[in-house]
């Protein structure tokens, strides 16, 4: 087997799962990047639907993989890798995954405080916007006038968070029905 | 419809509180002053908070000037001068605003808040 000193890397079923979901998120991300946006930073963020679905179906670790792969591969395909757009996207994704992680494990420790797709989605959207805004302020435009945009951005994040949350809820229902509700873990 | 759990309500409530707070602090009027400094000539006679309603009597060159502080603003009510320009100037309350009674040498300047001007010359 190993005469040539080559190493065989075996893939787990979870690797395939993550790859499929990430591919879906990346496709949505790329389609969405073709849409014009009224204000820099405001975007529906529909790729978040996938991250929320993965979080609720398979847990936080898989969701982090999908989110980071989405940012990395998405930027490589669009051609924004290591540009300011990429930095903002990465900062937003990191902040939103941190917030989701905290909420996910907190709601697991306190079963009476369960969180569903709507809550996770709104939380992720808000954290994403805050992370992105912090990066923009610290790295790109350190001017106090930038704060005048923050209320608008956060309002947009709330609206899009609610919409993606509803889409994610519908999607999770369908996936659970198809797999007879037994794939979590 | 989407099933909403307790944690969802907590997150939505936090957002519902965060957004108005953001609008209020970032879009609100930040020019309101905090304190008023009262001078007679170049000497400081009083430094009063604009949030504490009170009436002040300041003794100037000609006599007494009466000042009133009410809900974040201050004004001259009466002054021992002839023209009463100071009284007619009315209320001031934004950072950097100044009213004075030149004959009586009494002047009030509002401190704190976002300054509209860098400097004022007379």
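Nothing in this text is a laboratory measurement; each read-out follows from the coordinates by a stated rule. Owing to the predicted nature of the structure, the values given are computational and were not obtained by experimental measurement. Note that we place each Cβ from the backbone using ideal geometry, even for glycine, and neighbour counts take in every protein chain shown.
Pop out the Kirkwood hydrodynamic radius of chain B from its pairwise C-alpha distances, inverse of mean 1/r, in Å to one decimal.
In chain B this quantity evaluates to 16.6 Å.
Sorting A:107, B:71 on the 10 Å Cβ count, fewest up front, what's the list?
On the way: A:107 21, B:71 9.
So the ranking, lowest neighbour count to highest, is B:71, A:107.
By how many degrees, 0 to 90 and rounded to 10, does the Cα axis of helix A:84-109 deviate from the longest principal axis of chain A?
60 degrees
Classify the range A:118-158 as rounded, prolate or oblate from the Cα gyration tensor: take a ≥ b ≥ c as the square roots of its eigenvalues, call it rounded if a/c is under 1.5, otherwise prolate when a/b beats b/c and oblate if not. Intermediate values should be presented prior to the final figure.
Numbers: a/c = 4.72, a/b = 1.91, b/c = 2.47.
Because a/c hits 1.5 or more and a/b fails to exceed b/c, the range A:118-158 counts as oblate.
When the Cα centres of the range A:61-90 and the range B:13-51 are compared, how far apart do they sit, in Å?
So the separation of the two Cα centres works out to 43 Å.
Mind checking which of B:19, B:50, B:67 has the largest fluctuation in a GNM of chain B, springs on alpha carbons under 10 Å?
Fluctuation is largest for B:19.
Quick check: the angle from helix A:117-135's long axis to the longest principal axis of chain A, C-alpha only, nearest 10 degrees?
Value to nearest ten degrees: 60.
Would you order A:96, B:100 from fewest to most other beta-carbon atoms within 10 Å of each residue's own beta-carbon? Please report the intermediate quantities before stating the final value.
On the way: A:96 29, B:100 19.
Ascending number of Cβ neighbours within 10 Å: B:100, A:96.
Averaging the inverse of every distinct alpha carbon separation and then flipping it gives the Kirkwood radius. What is it for the range A:13-178, in angstrom units?
16.0 Å
What Kirkwood hydrodynamic radius do you get for the protein assembly as shown when you take the inverse of the mean 1/r over all pairs of distinct Cα atoms, in Å?
Mean inverse Cα-Cα distance, inverted, gives 23.7 Å.
Give the angle, between 0 and 90 degrees and rounded to the nearest 10, that separates the Cα long axis of helix B:6-27 from the longest principal axis of the Cα atoms of chain B.
30 degrees
Taking neighbour Cβ counts within 10 Å as the exposure measure, how do A:20, B:91 sort from fewest upward?
Numbers: A:20 11, B:91 14.
Taking fewest neighbouring Cβ atoms as first place, the list is A:20, B:91.
Looking only at other chains, what is the average number of their beta-carbon atoms within 10 angstrom of each beta-carbon in A:117-126?
Counting other chains' Cβ atoms within 10 Å and averaging over A:117-126 gives 5.
Show that you can apply the helix-only estimate: for the protein assembly as shown, add -39,500 (n - 2.57) for every DSSP H stretch of four or more residues, divide by all residues, and state [θ] at 222 nm to the nearest 500.
Working: 8 runs with 153 residues, N = 307.
Dividing the helical sum by the residues of the protein assembly as shown leaves -17000 deg cm²/dmol.
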